[in-house]
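The values are calculated or read from the model by the stated rules, or taken from the named source; none is laboratory data. Because the structure is a prediction, the values reported are computed rather than measured. Don't worry about glycine lacking a Cβ; one is built from the backbone with ideal geometry, like all the others, and counts go over all protein chains shown.
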Amino acid sequence: MSELRIEARSLSKHYGNLLAVDELSFEVGSGEVLGFLGPNGAGKSTTMKMLTGFLTPTSGTAVINGHDIIEDSLAARRSIGYLPEGAPAYGEMSVRKFLEFIARARGFRGRDALDKAAAAIERLNLDKVPEQPVETLSKGFKRRVGLAQAILHDPEVLILDEPTDGLDPNQKHEVRRLIREMSSEKIIVISTHVLEEVQALCNRAMIISDGRLLVDDTPAGLIASSRYHNAVTLVVEQPERVASVLSELGQARKVELREGELTVFPAPGESLFEVISDMVRENGWSVSELRLEAGRLDEVFRQVTTGEVGK
Amino acid sequence: MSTMINSSLRAVLTVMRRELSGYFSTPVAWVFIVIFLVMSGAFTFYIGSFFERGNADLAPFFQFNPWLYLFLVPAIAMRLWAEERRSGTIELLLTLPLTTGQAVLGKFLAAWLFIGLALLLTFPIWLTVNYLGEPDNGIIVAGYIGSWLMAGGFLAIGSCISALTRNQVVAFILTVVVCFGFMLSGLPMVMNLFTGWAPQALLDVIADFSFLAHFASISKGVIDLRDLVYFALVITFWLAANTIVLELKKAN
């Protein structure tokens, strides 16, 4: 039985007059790592808070692993591991005591609870600090404690609210590695406003803005929808002269010169890289950089969420 | 059915244990206990004229007990939920497979047991009175039970108010005010607000709300079922309100 999934049905949340989440519907299946993308205040956290049973939806519901989050909240929560934003923990407790509390609250008893806590400590490489109070730990370690409590009961569904926010690049790398390790056998939903994260971790991305689902695609698909997709950028001496030559090209739709970089956008269905590299050789332009653009996620993101960048 | 009760009870006890261990890993517990004991002693022996009265009972101790609670219990209660809100752990706690009611009860019991411990540590006063004379220890036990029940009433009020705000100072002040009202609701100061316009039935109810009146009869050694039920109802009512407040106000 492969009931392992999240199914959101017209989830909505109002705060007074403010519409935080507006009729959000989606499904996530086993093996998917879904990234919620969106500007701050888009409704990512609110959606996660509803999925995890912290907030009650104003209307609509979600089914997690066959359990309705409203009708059967406790059962739904049992199959979820949740890392709230900022990885809150009881600061005065030691890492071990804190995880043992989580284990007991999740229904493990006696020896079992101790074993689960110990296993989580080992899995998240917390073995150097198990007796330290959580509040004395560095941000990176605190985040690991948060992840440890989320995976302690080996949940089918992991919901992580901004798991790498505020970490330094090494810590980010470390947390991403941990998430990737767990991704094979679970459903993982992460929220982020860091775009690189989606590329690094997710095999599916949803862009949410003003509580509405705007785009649901793979990260590669998102990038392909960028106007930079398959464009060619070059850094060259006398860029104005080169630009005027390149704009004569039949395969080019448009040429842009920005901050010393010359970007040539292809006409639909055309590819430019070969053509331009041949031209560089023939004309003897002195080029210091020549690259094929895959697409720019930040540009897609801005375009989708604000409509600021025109096609 | 019994496994369900078992697992609910375990959930409550798990929350209680965590909360209780939290008290002792910070200075809160020691500061509270020391101040409670010092103040109890001062009130009993100096202001209460324990020796000069020449009576072998703990009346001076129990007489000032409610006034100590008025300020010390809100100090314990204020952090119960406000602190969870401030640190964000409320989101962690309430997404564990526990009901809100179990979390409320667990935290309340921890604080109540803690106050009970502080109360038990006043035993040297009891030893003193037994050394000096031959008191009716039944009355004293009743007094302790009544005192603990009253503390539970204060605490339930404070727990509920603490759930309304993330600011502990606000929680403290509001709790003191509400507890003060409950304490004195039988006295003219509060009754005068109502006499003249409220019907007699309501006046009787308000007068009957007084913590002091119910505590006074217990501490005289009269354990009347009605007084016990009264405190049980006060605690139940405020903890139920506490649960509802949390359900409604989780987000902010």
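Of the residues examined, B:Ala103 is not one that is away from chain A (no Cβ under 14 Å) and among the small types (Gly, Ala, Ser). Could we say that B:Leu68 is more than 11 Å from every other protein chain (Cβ to nearest Cβ), in a helix (DSSP H, G or I), modelled with pLDDT under 95 and touching a Ser or Thr at 6+ places or on another chain (Cβ under 7 Å) here? Yes; evaluated as a whole, the condition is true for this residue. Where helices (runs of 4 or more DSSP H) fall wholly inside the stretch B:86-169, the ranges with 3 or more residues that are under 30 Å from B:Leu9 (Cβ atoms) are B:89-93, B:100-120, B:137-162. Residues in the stretch A:96-115 that are away from every other protein chain (no Cβ under 11 Å) and either acidic (Asp, Glu) or surrounded by 21 or more Cβ atoms within 10 Å (Cβ to Cβ) (or both): A:Leu99, A:Asp112, A:Asp115.
Of all residues in the stretch A:10-53, those satisfying the criterion of being more than 14 Å from A:Gly211 (Cα to Cα) and of a type in the set (D, E, K, R) are A:Glu27, A:Glu32.
All of B:Leu80, B:Leu96, B:Leu127 fail the test of being within 14 Å of chain A (Cβ to nearest Cβ) and free of Cβ contacts under 8 Å to residues at least 12 places away in the same chain, apart from B:Leu96. Looking at this structure, is A:Thr61 more than 13 Å from chain B (Cβ to nearest Cβ) and either within 21 Å of B:Ala11 (Cβ to Cβ) or of a type in the set (S, T, N, Q) (or both)? Yes. If you go through the stretch A:120-133 and keep only what is over 15 Å from A:Leu83 (Cα atoms) and in contact (Cβ under 8 Å) with a residue 24 or more places away in the chain, you end up with A:Ile121, A:Arg123, A:Leu126, A:Val129, A:Pro130, A:Glu131, A:Gln132, A:Pro133.
Within the stretch B:1-60, count every residue that is of a type in the set (A, V, I, L, M) and within 23 Å of B:Val141 (Cα to Cα).
Applying the first criterion (of a type in the set (A, V, I, L, M)) to the stretch B:1-60 yields B:1, B:4-5, B:9, B:11-13, B:15-16, B:20, B:28-29, B:31, B:33-35, B:37-39, B:42, B:47, B:56, B:58-59.
Going one step further and asking which of them are within 23 Å of B:Val141 (Cα to Cα), we end up with B:33-35, B:37-39, B:42, B:47, B:56, B:58-59.
Number of matching residues: 11.
The one condition from (1) surrounded by 14 or more Cβ atoms within 10 Å (Cβ to Cβ); (2) at pLDDT 85 or above that A:Gln251 does not meet is (2).
Might you check whether a residue that is more than 27 Å from B:Ala82 (Cβ to Cβ) and free of Cβ contacts under 8 Å to residues at least 24 places away in the same chain occurs anywhere in the stretch B:229-249? For the stretch B:229-249, residues more than 27 Å from B:Ala82 (Cβ to Cβ) and free of Cβ contacts under 8 Å to residues at least 24 places away in the same chain: present. Looking only at residues that are modelled with pLDDT of 85 or more and surrounded by fewer than 17 Cβ atoms within 10 Å (Cβ to Cβ) in the stretch A:258-273, which one is farthest from A:Glu299 (Cα to Cα)? Here the residue is A:Phe273. Only residues that are within 12 Å of another protein chain (Cβ to nearest Cβ) and crowded, with 19+ Cβ neighbours inside 10 Å were counted in the stretch A:116-141, giving 1.
Examine the stretch A:14-33 for a residue that is farther than 30 Å from A:Thr306 by Cα and surrounded by fewer than 24 Cβ atoms within 10 Å (Cβ to Cβ), and state whether such a residue exists. Scanning the stretch A:14-33, I find at least one residue that is farther than 30 Å from A:Thr306 by Cα and surrounded by fewer than 24 Cβ atoms within 10 Å (Cβ to Cβ), so the answer is yes. Scanning the stretch A:75-95 for any residue that is touching a strand residue (DSSP E or B) at 6+ places or on another chain (Cβ under 6 Å), more than 9 Å from every other protein chain (Cβ to nearest Cβ), farther than 19 Å from A:Gln149 by Cβ and not charged (D, E, K, R) turns up nothing. Please verify whether the stretch B:28-45 includes one or more residues that are out of contact with any Leu (no Cβ under 6 Å at 6 or more places or on another chain), at the interface with another protein chain (Cβ under 10 Å from one of its Cβ atoms), farther than 21 Å from A:Glu100 by Cβ and part of a helix (DSSP H, G or I). Yes, that holds for at least one residue.
How about the stretch A:159-201: which of its residues are under 11 Å from A:Phe36 (Cα atoms) and not in a helix (DSSP H, G or I)? The answer is A:Ile159, A:Leu160, A:Asp161, A:Glu162, A:Ile188, A:Val189, A:Ile190, A:Ser191, A:Thr192, A:His193, A:Val194.
Here are A:Ala87, A:Ala113, A:Ala150: which of them is in contact with a Lys or Arg (Cβ under 6 Å, 6 or more places away or on another chain) and touching a residue at least 24 places away in the same chain (Cβ under 8 Å)?
A:Ala87
Taking residues in the stretch A:34-53 that are more than 14 Å from A:Ala8 (Cα to Cα), and partners anywhere that are among the basic types (Lys, Arg), the pairs with Cβ atoms closer than 6 Å and at least 6 places apart or on different chains are A:Gly38/A:Lys44. The requirement of being away from chain A (no Cβ under 14 Å) and not hydrophobic (A, V, I, L, M, F, W, C) is satisfied by B:Pro74. Within the stretch B:1-27, if we keep just the residues that are at the interface with another protein chain (Cβ under 10 Å from one of its Cβ atoms) and not in a helix (DSSP H, G or I), the residue that is surrounded by the fewest Cβ atoms within 10 Å (Cβ to Cβ) turns out to be B:Thr26.
With respect to B:Val178, is the statement that it is among the β-branched types (Val, Ile, Thr) and without any contact (Cβ under 8 Å) to a residue 40 or more places away in the chain true? Yes: the conditions hold for B:Val178. Can you spot a residue in the stretch B:39-59 that is of a type in the set (D, E, K, R) and within 19 Å of the chain's Cα centre (by Cα)? No, every residue in the stretch B:39-59 fails to be of a type in the set (D, E, K, R) and within 19 Å of the chain's Cα centre (by Cα). Within the stretch A:32-67, the set of residues being within 15 Å of the chain's Cα centre (by Cα) and assigned to a loop (DSSP other than H, G, I, E, B) comprises A:Glu32, A:Gly38, A:Pro39, A:Asn40, A:Ala42, A:Gly43.
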